[in-house]
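**Q** The structure that follows is given in the form of structure tokens.
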Number of protein chains: 2
Amino acid sequence: MAKIAFIGGTGPEGLGLAMRFAKSGNAVFIGSRSEERAEEAVQKLHAAVPAGDIYGGFNHEGAEKADFIFITVPASGHAEILTELAEVIDDKIVVDAVVPMSFEDKEGPVPSPPEAGSSAEEARTLLPKAKVVSAFHHLDAKALQNVDKPMQGDVIVCSDHKTAKKKVMQLVEEIEYVRAMDGGGLQNSRITEAMTVLLIHINKIYKSHSGVRITGI
Amino acid sequence: MAKIAFIGGTGPEGLGLAMRFAKSGNAVFIGSRSEERAEEAVQKLHAAVPAGDIYGGFNHEGAEKADFIFITVPASGHAEILTELAEVIDDKIVVDAVVPMSFEDKEGPVPSPPEAGSSAEEARTLLPKAKVVSAFHHLDAKALQNVDKPMQGDVIVCSDHKTAKKKVMQLVEEIEYVRAMDGGGLQNSRITEAMTVLLIHINKIYKSHSGVRITGI
């Protein structure tokens, strides 16, 4: 039973993950810049997981209390919110699920990483004391919210902190049928973040909610 | 029954793919800069696929005769060999399977794309008349060479040429149990090429010969 806060938890990915983790018995906190939007999201969560241990409020309140701080904000707000919360986050485990991409190309989304190389590496720069783990980029937000249907696919987990990585990998597998895959160091998040952009193209081509499974393991 | 030439076909990936395509009844040509190395590779192929329709010789001879020209050279020789063969390749279908990576980082391989953004995009620049298709980055070379064991995983195919992409996707599925996945335009090869680097990290961590399968389709 972990306490999990979702920074920017009112978006589709944060909401979907919160539903799944509430369902598996964890206490989840939906953080937002707006108490009203947090409250709306909490109501959606209660509807999806009536027995869930669900809270909501300002982002910093969640970050204070949580064992795991999930970052599920849009990439455009990533640096700003982490800078704002750095002191509260301190040396906690941060799970970065952000996908930096640009929509300016006529062919569709293109990876658009920040100067650090990836969102997760940007988090490492902005939160030097925190244990940053990159994960959860490939679980489709809509599929996650369909809580009664099992998820498919792997969650590839990258981090330079071995113990934190192991804890997050255990957390991953609390979502039924989902497998945690060790993806090596945080730098590999450049690749896992970009893979989400490929999945978006594939979703458009096949009208699907795709994910990824590593074969041969 | 297609004629498939492998430029740089003596390397492990070219050899493995040639074995599989010879096994499914295609005529394969192992191209090399050295007739001797081509001949050695042809002998290996005959040993693995005794009934195969297998040839070998200089790269340009293969490129002249083939319906599909596979590029399976090391990334360091990519630009040079394509420049050399541009006239012979002309407007044919080129299947680029090259993965540009650097081994200078202590944490392991890192994607190291050329200025064009990816090897496949570099091929498009150097072969403006050819129909460049990016594919076959995620089938493990060792697993391919184990011809009696079914392969696992998908081949993600990216191209700006719809008809050529379709033909290559049909060719992909001549390898038993392998599925072709439309990965959109050639630009997405930036992502599929980098994914191979992640698989190398995963192989090291799990001592595996991993591949990728897209779920939800």
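**Q** Could you check the range B:113-147 and list, in sequence order, the residues that are farther than 22 Å from residue B:164 by Cβ, under 12 Å from the mean Cα position of the chain (by Cα) and not acidic (Asp, Glu)?
**A** B:141, B:144
**Q** If you take the residues of the range B:94-112 that are assigned to a loop (DSSP other than H, G, I, E, B) and in contact with a Phe, Trp or Tyr (Cβ under 8 Å, 6 or more places away or on another chain), which of them is nearest to residue B:163 (Cα to Cα)?
**A** Initially, the range B:94-112 is screened for residues assigned to a loop (DSSP other than H, G, I, E, B), giving B:97-100, B:103-109, B:112.
Narrowing further to those that are in contact with a Phe, Trp or Tyr (Cβ under 8 Å, 6 or more places away or on another chain): B:97, B:109.
Values: B:97: 19, B:109: 34 Å.
Across the range B:94-112, the extreme among qualifying residues is B:97.
**Q** Mind listing whichever residues of the range A:35-65 are small (Gly, Ala, Ser) and open to solvent by less than 10 Å² (accessible area, probe 1.4 Å)? Step through it out loud before you land on a result.
**A** If we filter the range A:35-65 for residues that are small (Gly, Ala, Ser), which is where we start, we get A:38, A:41, A:47-48, A:51-52, A:56-57, A:62-63.
Listed by number, the residues that qualify are A:38, A:41, A:57, A:62, A:63.
**Q** Just one of (1) at the interface with chain A (Cβ under 7 Å from one of its Cβ atoms); (2) touching a residue at least 40 places away in the same chain (Cβ under 8 Å) trips up residue B:142, so point out which.
**A** Unmet for residue B:142, out of (1) at the interface with chain A (Cβ under 7 Å from one of its Cβ atoms); (2) touching a residue at least 40 places away in the same chain (Cβ under 8 Å): (1).
**Q** Between B:101, B:19, which is under 27 Å from residue B:198 (Cβ atoms) and in contact with a Pro (Cβ under 6 Å, 6 or more places away or on another chain)? I'd like the intermediate steps shown before the answer.
**A** Numbers: B:19 fails: in contact with a Pro (Cβ under 6 Å, 6 or more places away or on another chain).
Checking each option against the conditions leaves just B:101.
**Q** Determine whether the range B:115-127 contains at least one residue that is modelled with pLDDT of 95 or more, open to solvent by 20 Å² or more (accessible area, probe 1.4 Å) and polar (S, T, N, Q).
**A** Looking through the range B:115-127, at least one residue is modelled with pLDDT of 95 or more, open to solvent by 20 Å² or more (accessible area, probe 1.4 Å) and polar (S, T, N, Q).
**Q** What number of residues within the range B:118-143 satisfy the criterion of being in contact with a strand residue (DSSP E or B) (Cβ under 8 Å, 6 or more places away or on another chain), in a helix (DSSP H, G or I) and among the small types (Gly, Ala, Ser)?
**A** Selection size over the range B:118-143: 4.
**Q** Now a separate question. Against the conditions (1) farther than 23 Å from residue A:191 by Cβ; (2) open to solvent by less than 20 Å² (accessible area, probe 1.4 Å); (3) polar (S, T, N, Q), where does residue A:72 fall short? Just the number, please.
**A** In the conditions (1) farther than 23 Å from residue A:191 by Cβ; (2) open to solvent by less than 20 Å² (accessible area, probe 1.4 Å); (3) polar (S, T, N, Q), residue A:72 misses (1) alone.
**Q** Only one of these is charged (D, E, K, R) and in contact (Cβ under 8 Å) with a residue 40 or more places away in the chain: A:131, A:165, A:149. Name it. Even if it seems obvious, please write down each step before you answer.
**A** Values: A:165 fails: in contact (Cβ under 8 Å) with a residue 40 or more places away in the chain; A:149 fails: in contact (Cβ under 8 Å) with a residue 40 or more places away in the chain.
A:131 is the lone residue from the list that is charged (D, E, K, R) and in contact (Cβ under 8 Å) with a residue 40 or more places away in the chain.
**Q** Just one of the numbered conditions (1) part of a helix (DSSP H, G or I); (2) within 25 Å of residue B:148 (Cα to Cα) is not true of residue B:189; which one?
**A** Only one criterion is unmet by residue B:189, namely (2).
**Q** Given B:97, B:86, which one is at pLDDT 95 or above and touching a His at 6+ places or on another chain (Cβ under 7 Å)? Don't jump to the end; show me each part of the working.
**A** Values: B:86 fails: touching a His at 6+ places or on another chain (Cβ under 7 Å).
Of the residues listed, the single one that is at pLDDT 95 or above and touching a His at 6+ places or on another chain (Cβ under 7 Å) is B:97.
**Q** Take the range A:152-182 and flag every residue that is at the interface with chain B (Cβ under 9 Å from one of its Cβ atoms), out of contact with any helix residue (DSSP H, G or I) (no Cβ under 6 Å at 6 or more places or on another chain) and open to solvent by less than 10 Å² (accessible area, probe 1.4 Å).
**A** A:153, A:154, A:181
**Q** Would you confirm whether or not the range A:76-84 contains a residue that is hydrophobic (A, V, I, L, M, F, W, C), within 22 Å of residue A:167 (Cβ to Cβ), away from chain B (no Cβ under 14 Å) and open to solvent by less than 50 Å² (accessible area, probe 1.4 Å)?
**A** Restricting attention to the range A:76-84, the residues satisfying the condition of being hydrophobic (A, V, I, L, M, F, W, C) are A:79, A:81-82.
Now narrow it down to the ones that are within 22 Å of residue A:167 (Cβ to Cβ): A:82.
Retained after the next criterion (residues that are away from chain B (no Cβ under 14 Å)): A:82.
With the extra rule that they be open to solvent by less than 50 Å² (accessible area, probe 1.4 Å), the set shrinks to A:82.
Taking every residue of the range A:76-84 in turn, at least one turns out to be hydrophobic (A, V, I, L, M, F, W, C), within 22 Å of residue A:167 (Cβ to Cβ), away from chain B (no Cβ under 14 Å) and open to solvent by less than 50 Å² (accessible area, probe 1.4 Å).
**Q** Of (1) open to solvent by 40 Å² or more (accessible area, probe 1.4 Å); (2) in contact (Cβ under 8 Å) with a residue 40 or more places away in the chain; (3) in contact with a Leu (Cβ under 7 Å, 6 or more places away or on another chain); (4) within 23 Å of residue B:175 (Cα to Cα), residue B:9 satisfies all except one. Which?
**A** Failing condition for residue B:9: (1).
**Q** Same structure, new question: Could you check how many residues of the range B:38-66 are in a helix (DSSP H, G or I) and under 21 Å from residue B:96 (Cβ atoms)? Give the steps one after another, and end with the answer.
**A** Residues of the range B:38-66 in a helix (DSSP H, G or I): B:38-48, B:59-65.
Then drop every residue that is not under 21 Å from residue B:96 (Cβ atoms), which leaves B:38, B:41, B:59-65.
Within the range B:38-66, residues that are in a helix (DSSP H, G or I) and under 21 Å from residue B:96 (Cβ atoms) number 9.
**Q** Kindly indicate the residue of the range A:191-217 that is of a type in the set (Lys, Arg) and more than 7 Å from chain B (Cβ to nearest Cβ) and also surrounded by the most Cβ atoms within 10 Å (Cβ to Cβ) among those meeting that condition.
**A** Just the residues of the range A:191-217 that are of a type in the set (Lys, Arg), to begin with: A:204, A:207, A:213.
Now drop any that are not more than 7 Å from chain B (Cβ to nearest Cβ), which leaves A:204, A:207.
On the way: A:204: 12, A:207: 7.
My answer is A:204.
**Q** Right, another one. Inspect the range B:19-37 for any residue being touching a residue at least 60 places away in the same chain (Cβ under 8 Å), of a type in the set (Ser, Thr, Tyr) and either farther than 25 Å from residue B:204 by Cα or in contact with a His (Cβ under 6 Å, 6 or more places away or on another chain) (or both) and give the result as yes or no.
**A** Checked the range B:19-37: at least one residue is touching a residue at least 60 places away in the same chain (Cβ under 8 Å), of a type in the set (Ser, Thr, Tyr) and either farther than 25 Å from residue B:204 by Cα or in contact with a His (Cβ under 6 Å, 6 or more places away or on another chain) (or both).
**Q** Would you say residue A:108 is modelled with pLDDT of 95 or more, of a type in the set (Gly, Ala, Ser) and surrounded by fewer than 23 Cβ atoms within 10 Å (Cβ to Cβ)? Please lay out each step first, then the result.
**A** Working: modelled with pLDDT of 95 or more: no; of a type in the set (Gly, Ala, Ser): yes; surrounded by fewer than 23 Cβ atoms within 10 Å (Cβ to Cβ): yes.
No; evaluated as a whole, the condition is false for this residue.
The values are calculated or read from the model by the stated rules, or taken from the named source; none is laboratory data. Since this is a predicted model, take the numbers as computed values, not measurements. We place every Cβ from the backbone using ideal geometry, glycine too, and count neighbours over all the protein chains shown. Note: accessible area is taken over every heavy atom of the protein model, side chains too, but ligands, DNA and RNA are not part of it. Shrake-Rupley method; radii C 1.70, N 1.55, O 1.52, S 1.80 Å.
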